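Working notes, beginning with the structure itself.
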Amino acid sequence: MWNLQIFDSSIVPTLDMRCLYADMSENSQPNQGQPQQVNLQQLAQQFMAGLQRHFDMLAFNMVARESVQEDAYNSRVNKPRVMPAAQHHQNFEQMQAYARDLLVRQVINDCMNLAVTGMNNAHFFLALVKITKANSNVSPEAQQEAQKAQQTFVPSQLDEKFNRLEKDFGILCELEDSIISLGFIMQALMQQGGAVKEPQVDENGELVLELKAVKVLSRDAAAEKPKGKLVDQRRIFREGDMLSFTDLELQLILVTVASFADSLFKAVSLYAKSVKDTNK
C-alpha cells in the first residue's frame, strides 16, 4: 500500500501565521476569539486525513453494495408491513442502479468540495504570507487585508481561482486540468442527467479526465512491498456520451485529488519559504 507523503521536511519548513483565523469558507465569519496559529503543514495533514475518510467510506460502500442480496433487500423493505407510497416502490435491480448513480454523484461532489476547500485555505495562507512578508506576527491590519482578498477569492469560479493563484503568487497547480474536468463532470451529472454536452468538451469535442494510478515497477520477493510510482491514466468522454465510471476509477479520483492537494500545499510552502528567505 502506497502513501502520498505531504512535505519533505528537508526542503519545506513548518510556518505558523498567528492571527484571528478559523475557516474562511464562503459562509463562515472571521473568528472573534483568541489568535490562532495557521499552520500550513497542519492544514495539509487535516486535509489528507479527511480525504482518507472519504476514501475508506467509499470502499465500505462498495463492499456493502456487493454483499447485499435481493432476498435481504425485500425482507428489509417489507419489515414495517407498510410503505410511504407502495406504487412507487423500486425493486432490487432498480435500487442497485439508483444507489450506484447516487454513489458516483456523491464521490464527484465530495471531491470537488475538498479540492475547492483546499484551494481556499491555501489562498488565505498565501495572502497572509505575501502581506506580512512571512512574518508570523500578523497585525490586525494585515489580517483584515488578507480576509478582504479571501472574500473575493472564495466565491470565484474554479478557473478564476487557478488564475488568481498563478497571477498573485506564481502558483502553478499540477492536475489543474483534472480538477476542472471534475467540475465539468459534476455539471453534467447535476444538470444534464450525466450526458456530456457541448459546454463540457474541448476544441476536439472531448472531455478528458486524467487520473493518477499506481504502476508497479518491481515485485522483489525479498522486499516488504513492491516498488511503484504514480502514473497518468486518461478517461475520455465525447459529446453525447453518458458518464460512467468503474469502481476503481472512482477510487482513483480520490487518489488524484490527493495528488493535486499534495502538489498544491508543497507549492504554497515553497512560496512561503522564498518570501521568508527574501526578507531575512
What residue, among those in segment 240-274 that are of a type in the set (Ser, Thr, Tyr) and not in a loop (DSSP other than H, G, I, E, B), is surrounded by the most Cβ atoms within 10 Å (Cβ to Cβ)?
Thr256
In this structure, is Asp56 of a type in the set (D, E, K, R) and within 25 Å of Leu248 (Cβ to Cβ)?
yes
Taking segment 231-280 and keeping residues without any contact (Cβ under 8 Å) to a residue 40 or more places away in the chain, in contact with a strand residue (DSSP E or B) (Cβ under 6 Å, 6 or more places away or on another chain) and not charged (D, E, K, R) leaves Val231, Gln233, Ile236
Could you list, in sequence order, all residues of segment 186-201 that are in a loop (DSSP other than H, G, I, E, B) and either surrounded by 12 or more Cβ atoms within 10 Å (Cβ to Cβ) or basic (Lys, Arg) (or both)?
Gln192, Gly194, Val196, Lys197, Val201
Determine whether Asn91 is free of Cβ contacts under 8 Å to residues at least 12 places away in the same chain and farther than 27 Å from Glu206 by Cα.
yes
Got at least one residue in segment 213-229 being of a type in the set (D, E, K, R), surrounded by 14 or more Cβ atoms within 10 Å (Cβ to Cβ) and in contact (Cβ under 8 Å) with a residue 40 or more places away in the chain?
no
Please state which one of Val116, Val63, Val77 is in a helix (DSSP H, G or I) and within 14 Å of the chain's Cα centre (by Cα).
Val116
Against the condition surrounded by fewer than 20 Cβ atoms within 10 Å (Cβ to Cβ), modelled with pLDDT of 95 or more and part of a helix (DSSP H, G or I), how does Glu141 come out, does it pass?
no
Of everything in segment 172-181 that's assigned to a loop (DSSP other than H, G, I, E, B) and either in contact with a Cys (Cβ under 9 Å, 6 or more places away or on another chain) or hydrophobic (A, V, I, L, M, F, W, C) (or both), which residue is farthest from Phe265 (Cα to Cα)?
Leu175
Selection from segment 151-163 of residues closer than 20 Å to Phe265 by Cβ and touching a residue at least 60 places away in the same chain (Cβ under 8 Å) yields Val154
Looking at (1) assigned to a loop (DSSP other than H, G, I, E, B); (2) at pLDDT below 50, can you tell me which one Val82 breaks?
(2)
In the set Glu210, Glu166, which member is surrounded by 12 or more Cβ atoms within 10 Å (Cβ to Cβ) and without any contact (Cβ under 8 Å) to a residue 40 or more places away in the chain?
Glu166
From Arg18, Arg76, Arg65, Arg53, which residue is among the basic types (Lys, Arg) and at pLDDT below 90?
Arg18
Among residues of segment 154-171, those that are aliphatic (A, V, I, L, M) and assigned to a helix (DSSP H, G or I), counted
2
Inspect segment 144-153 for any residue being assigned to a helix (DSSP H, G or I), farther than 22 Å from Ala115 by Cα, at pLDDT below 95 and more than 17 Å from the chain's Cα centre (by Cα) and give the result as yes or no.
yes
For Met119, indicate whether it is touching a residue at least 40 places away in the same chain (Cβ under 8 Å), surrounded by 15 or more Cβ atoms within 10 Å (Cβ to Cβ) and not polar (S, T, N, Q).
yes
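The values are calculated or read from the model by the stated rules, or taken from the named source; none is laboratory data. Since the model is a prediction, treat every value here as computed from it, not as a measurement. Note that we place each Cβ from the backbone using ideal geometry, even for glycine, and neighbour counts take in every protein chain shown.
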